[in-house]
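A.B. asks: My structure is below; once you've seen it, I'll send some questions.
What follows draws every value from the coordinates through simple rules; no lab data is involved. As the structure is a prediction and not an experimental result, all values here were calculated from the model. All Cβ positions, glycine included, derive from the backbone under ideal geometry; neighbour counts span all protein chains shown.
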Amino acid sequence: MGGLSTYICEVLPQLVCKGFDVTLICSVNRSSPDTCTRISELIKKGVKVQIVPMRREISLLKDICSLVSILKILSSNKYDIVHTHCSKAGALGRLAATLAGEKIRLHSPHCFAFLRCTSRFKKVIYLVLEQILGKLTTRLVAVSQSEVQTAVYSHIVPRHKCAVVQNGLSKRKGVPDNFSNKEKNTYKASLGLNENAQVVTTACRLIDYKGIFRFLKVAQLSRVDNTIFLIAGDGELKTSIENFILENNLSGKVKLLGYVSNMERIYAISDVVVLCSDAEAQPYLLLEAMLHKCPIIATSVIGNSELISQSRGVLVKPVPESIAVVVEQLLADRETRNKYTENAYDYFYNHHTLEKQISELTQLYKSCIYKFQKGYAAGTN
């Protein structure tokens, strides 16, 4: 789901095109409605897919079963590199790779779990687990410098074991001009909006650390006439969000769109894109907003701050009142919005194209293999 699904679908087929033999080991326990279609597309593009049940929460018996399943796959195939992603798969994958004797074990956190949870006890547990797993990691492949800083500061891995390969998206020149005004107005009408409505959008999994109730409170505080707040996404908080909207009479002001497989039309009608999260690594929402020339407001937290600086958008404290003020100011100032979008668009094309991401990732893979083979030949492995 979410950004990792985007990462997988963008990156893995490109690795196949670069000559890599790629196997994806994943779980579909938590998945989006189009997961089967996405997996089919990956298989058509040459990615081998192995489905292994995994639970997000810690469950000793089920985690052992998942570990054994992954271990069987790794033991029965010859892999040069095992690259794990996120928390649960990252833990089980690295442990299985170690047990299987795989020498090159890379890991990409995509926002450490201890940064996302609110429970102090869980924070400590997750941090200690990451510190233990760090010893099983050949290289930590972060998507941002802030993720590296977190890993080093938290004593997960030393700096020399870190690499940064930033997220990227396919170049699509002219994306902001893909829709005519007539098409935009038709789409607005399909959502029950009038053509002059100002649209404030967020898109995320509906889970705690994404700050979705913060966004709802911004909508509640907003006094700007003819403004609609759109939420694209699905998740465990959906029912609670629906109840909040009803209880606070926000039905005419907030629209919960559910899972949206193609966000281009949403971006085309959005006057502002807002991300209210508590922590991020390098969110695809912001990269997509840059590509589609949408003005951005984001909470000034890890991950967001690195992307939205130097007049590429507005960083604001994760407080609904502060966000609401900035939303109102930005909606009223088209000139500033245009300045932000142009700066962000240029920045995207210089730093976050898929071509750049794949080039750096393949160089990293080849470097790791070369160093291992050189060390093995010298008898140091």
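A.B. asks: Mind giving me the nanometre distance, one decimal, between the label points for ASP208 and GLU328, set 7 Å out from Cα along Cα→Cβ?
C.D. replies: Between ASP208 and GLU328, the label points sit 3.1 nm apart.
A.B. asks: What are the equivalent ellipsoid semi-axes of the range 23-123, built from the alpha-carbon gyration tensor (square roots of five times its eigenvalues), in whole angstrom, biggest first?
C.D. replies: Numbers: eigenvalues 100, 69, 35 Å².
Over the Cα atoms of the range 23-123, the semi-axes work out to 22, 19, 13 Å.
A.B. asks: Using a simple charge model, +1 on the beta-carbon of Lys and Arg, -1 on the beta-carbon of Asp and Glu, nothing else, what dipole does the range 225-342 show about its Cα centre, in debye to the nearest 20? All intermediate terms of the calculation are to be shown ahead of the outcome.
C.D. replies: Details: 10 positive and 16 negative charges, 53 e Å.
I would put it at about 260 debye.
A.B. asks: Given C-alpha coordinates of the range 175-351, what is the ratio Rg to Rh with the Kirkwood estimate of Rh?
C.D. replies: 0.93
A.B. asks: Taking the Cα centre of the range 319-381 as origin and charging only Cβ (+1 Lys, Arg; -1 Asp, Glu), how large is the dipole, in debye to the nearest 20?
C.D. replies: Once rounded to the nearest 20, the dipole reads 600 debye.
A.B. asks: Using packing as a proxy for protection, rank 351-363, 206-218, 114-126 so that the peptide with the highest average count of other Cβ atoms within 10 Å comes first.
C.D. replies: On the way: 351-363: 16.6, 206-218: 21.4, 114-126: 14.5.
Ranking, from highest mean packing down: 206-218, 351-363, 114-126.
A.B. asks: If r is the Cβ-Cβ distance from TYR349 to GLN310 and R0 is 22 Å, what FRET efficiency results, to the nearest 0.05?
C.D. replies: Working: r = 15 Å, r/R0 = 0.69.
Here the calculated transfer efficiency is 0.90.
A.B. asks: When ranked by the protection proxy of mean other Cβ atoms within 10 Å per residue, highest first, what sequence do the peptides 335-342, 319-326, 182-189 form? Can you show the working numbers first?
C.D. replies: On the way: 335-342: 15.5, 319-326: 17.0, 182-189: 14.0.
Ranked by mean Cβ neighbours within 10 Å, highest first: 319-326, 335-342, 182-189.
A.B. asks: What is the packing order of peptides 149-155, 230-236, taking the mean over residues of other C-beta atoms within 10 Å and listing the highest first? It would help to have the intermediate numbers written out before the result.
C.D. replies: Working: 149-155: 15.9, 230-236: 19.9.
Per-residue mean Cβ counts within 10 Å order the peptides as 230-236, 149-155.
A.B. asks: By how many degrees, between 0 and 90 and to the nearest 10, does the Cα long axis of helix 334-351 differ from the longest principal axis of the chain?
C.D. replies: 20
A.B. asks: Here is a follow-up. Between beta-carbons, use under 9 Å as the cut-off and find the net charge around GLN282, counting Lys and Arg +1, Asp and Glu -1.
C.D. replies: Numbers: positive: none; negative: GLU147, GLU280, GLU306.
After counting each charged neighbour, the total is -3.
A.B. asks: Sticking with this one: I need the calculated FRET efficiency for the pair ASN226 and GLU321, taking r as the beta carbon distance and R₀ as 30 Å, to the nearest 0.05.
C.D. replies: After rounding, the FRET efficiency stands at 0.90.
A.B. asks: Report the FRET efficiency, 1/(1 + (r/R0)^6), for TYR153 and SER119, where r is their Cβ-Cβ distance and R0 is 25 Å, rounded to 0.05.
C.D. replies: Working: r = 21 Å, r/R0 = 0.83.
It comes to 0.75.
A.B. asks: When the chain is modelled as a GNM with alpha-carbon springs shorter than 10 Å, which of ASN343, ASN29, ASN167 fluctuates the most?
C.D. replies: ASN29
A.B. asks: Pick from GLU264, GLU147, GLU130 the residue whose mean-square fluctuation is largest in a GNM of the chain, springs joining Cα atoms under 10 Å.
C.D. replies: In the Gaussian network model the winner is GLU264.
A.B. asks: Okay, next question. Would you calculate the convex hull of the Cα atoms in the chain and tell me its volume per residue in Å³?
C.D. replies: Values: hull volume 54.8 nm³, N = 381.
That works out to 144 Å³ per residue.
A.B. asks: A follow-up question, please. In degrees between 0 and 90, to the nearest 10, how far off the longest principal axis of the chain does helix 60-75 point, with axes built from Cα atoms?
C.D. replies: 60
A.B. asks: Find how many whole Å separate the alpha carbon centroid of the range 197-259 from the alpha carbon centroid of the range 281-349.
C.D. replies: Their Cα centres are 18 Å away from one another.
A.B. asks: While we're looking at this one, here's another question. Taking only Cα atoms, what is the 0 to 90° angle, nearest 10, from helix 354-377's long axis to the longest principal axis of the chain?
C.D. replies: Roughly 10 degrees between the two axes.
A.B. asks: By how many nm would the segment from LYS182 to GLN145 lengthen if fully extended, with 0.36 nm per residue of separation less the alpha-carbon distance? Working shown, then result.
C.D. replies: On the way: separation 37, 0.36 × 37 = 13.32 nm, distance 4.19 nm.
Full-extension gain reported as 9.1 nm.
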